[in-house]
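Input: a single structure, listed below in structure tokens.
The values are calculated or read from the model by the stated rules, or taken from the named source; none is laboratory data. The structure presented is a predicted model; accordingly, all values stated were derived computationally and were not measured. Quick reminder, even Gly has a Cβ in these numbers, built from the backbone with ideal geometry, and neighbours come from all protein chains shown. Each accessible area value is taken on the protein alone, full model and side chains, heavy atoms only, with ligands, DNA and RNA left out. Shrake-Rupley method; radii C 1.70, N 1.55, O 1.52, S 1.80 Å.
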Amino acid sequence: QGTRDHPPASVALRDRLLAAAVACFKRHGAAAIDTPVLELRETLTGKYGEDTKLIYELQDQGGELLALRYDLTVPFARYLAMNKITHMKRYHVAKVYRRDNPATTRGRYREFYQCDFDIAGQFDPMIPDAECLKIVHEILSDLQLGDFLVKVNDRRILNGVFAACGVPESQFIAACSTVDKLDKMPWEDVKKEMVGEKGLSPEAADRIGEYVQLHGGLDLIERLLQDPKLSQNKLAKEGLGDMKLLFEYLTLFGITGKISFDLSLARGLDYYTGVIFEAVLLQQENDHVEEPASVGSVAGGGRYDGLVGMFDPKGRKVPCVGVSIGIERIFSILEQRVKASGQKVRTTETQVLVATPQKHLLAARLKLISELWDAGIKAEMLYKKDPKLLKQLQYCEDTGIPLAAIIGEQELTDGVIKLRDVATREEVRM
């Protein structure tokens, strides 16, 4: 059914990933918000282009027509408009739902977590956009996933390219969704779809092909600013000017080594208006892990200046830029690596097991564990009246509990406990 159960080891791994992402968001001053899983159907429809067909719509039961949220961005825009908020830096970690064809080995599900960071408000160009890219860089570096690349483009540059190549404005979005497939199929197939399905002329498609296969850095931006066709197009010129500014800020952040200005990047969603970006993993550190190489993008986002205005009765716009970290996909990669390496994942955070070496000491264990819990120490004990000491220590080894607090008759007489380091077997009385 395209969803999955998460056993304890998987949940522990996922929680660590989410904690790393949330720590980064907080470091950048973001506040957390939460929005409902159910939205009005009209809130979601018409915002996702071709992907609208993947929205889970609930049956009409004589009340409001509702749907399950498809992402966290559209609900955020609705939230801003509804509450008349014009400035906000937020993060949101929650499940979203897509009636998609699942591919579980690639971390693609019908129910999955999204992990979003957004900056809303009227600010000087490219400063918030640069911070979003810095966040992607920080999180992917922190998680040590291996080499990655963040591709960056701008919807205005793409639209300028389409206009310069003779594509009518009414076909921009259709052409965009086809260009977006360039990372999955060769140019010849993309061209075939443009001409055969989207109705573009072969000449226009060829001219588009000359541009969308380009990628580079500041030098490419400078070159395109001098391009006779693009420099005549107002949109493209604006986009390239901002892209140049963005790369200057990214240079100051010291992250341009991992950023590529890539004209093939289109991102299929309709609501993007400016800068768009997507992070992909290049290769894995462990060659024996075959699967993750095909995972695809692990983060993506962009600028969506028109979305909030769609929900405001007076059409008031709030410019926004944001990024979504593909936690589920990253999680698939790490899970496969852990399996391949044979390492164990600790499923609990228990610090100490309260143990007894002789019979009839359950009361002593219960009193001691209660003291530890009250002091905020993560502690466990076995639910047996008289467990064998060996069994208790074996439980510590199996679950990765580092310490055992042993209380026997001698310890009770002396008013002490014996603290044992499970790995080294060293013991101290205290």
> Looking only at the stretch 374-392, which residues are closer than 22 Å to Glu409 by Cβ and among the hydrophobic types (A, V, I, L, M, F, W, C)?
Replying inline: Ala379, Met381, Leu382, Leu389, Leu390
> Looking at (1) of a type in the set (S, T, N, Q); (2) over 40 Å from the mean Cα position of the chain (by Cα); (3) open to solvent by 70 Å² or more (accessible area, probe 1.4 Å), which is the only condition Gln343 fails?
Replying inline: (2)
>> Tell me yes or no: at least one residue of the stretch 318-334 is out of contact with any Asp or Glu (no Cβ under 8 Å at 6 or more places or on another chain), surrounded by fewer than 17 Cβ atoms within 10 Å (Cβ to Cβ) and of a type in the set (Phe, Trp, Tyr).
In response: no
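Just to verify a result, which residue in the stretch 380-415, among those that are assigned to a helix (DSSP H, G or I) and of a type in the set (Ser, Thr, Tyr), is surrounded by the most Cβ atoms within 10 Å (Cβ to Cβ)?
By that ranking, first place goes to Tyr395.
Quick one: which of Ile173, Ile135, Ile127 is under 27 Å from Val96 (Cα atoms) and open to solvent by 10 Å² or more (accessible area, probe 1.4 Å)? Walk me through how you get there before you give the answer.
Numbers: Ile135 fails: open to solvent by 10 Å² or more (accessible area, probe 1.4 Å); Ile127 fails: under 27 Å from Val96 (Cα atoms).
Sole residue among the options that is under 27 Å from Val96 (Cα atoms) and open to solvent by 10 Å² or more (accessible area, probe 1.4 Å): Ile173.
Residue check: is Arg99 over 28 Å from Ser260 (Cβ atoms) and surrounded by 18 or more Cβ atoms within 10 Å (Cβ to Cβ)?
Details: over 28 Å from Ser260 (Cβ atoms): yes; surrounded by 18 or more Cβ atoms within 10 Å (Cβ to Cβ): no.
Considered against the rule, which asks whether it is over 28 Å from Ser260 (Cβ atoms) and surrounded by 18 or more Cβ atoms within 10 Å (Cβ to Cβ), Arg99 comes out as no.
Can you tell me which residue within the stretch 50-83, out of those that are within 13 Å of Leu269 (Cβ to Cβ) and acidic (Asp, Glu), is least open to solvent (accessible area, probe 1.4 Å)? Steps first, answer last, please.
Our first condition is that a residue be within 13 Å of Leu269 (Cβ to Cβ); within the stretch 50-83, this holds for 50-52, 54-55, 70-74, 77.
Those still in the list that are acidic (Asp, Glu) too: 50-51, 71.
Details: Glu50: 93, Asp51: 51, Asp71: 4 Å².
Checking each candidate, the answer is Asp71.
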> In the stretch 176-220, how many are acidic (Asp, Glu), crowded, with 21+ Cβ neighbours inside 10 Å and more than 30 Å from Ile255 (Cβ to Cβ)?
Replying inline: 0
> Considering only the stretch 32-42, how many residues are surrounded by fewer than 18 Cβ atoms within 10 Å (Cβ to Cβ) and more than 17 Å from the chain's Cα centre (by Cα)?
Replying inline: 7
> Which members of the stretch 149-170 meet the condition of being open to solvent by 10 Å² or more (accessible area, probe 1.4 Å) and under 24 Å from Leu246 (Cα atoms)?
Replying inline: Leu149, Lys151, Arg155, Arg156, Asn159, Ala163, Ala164
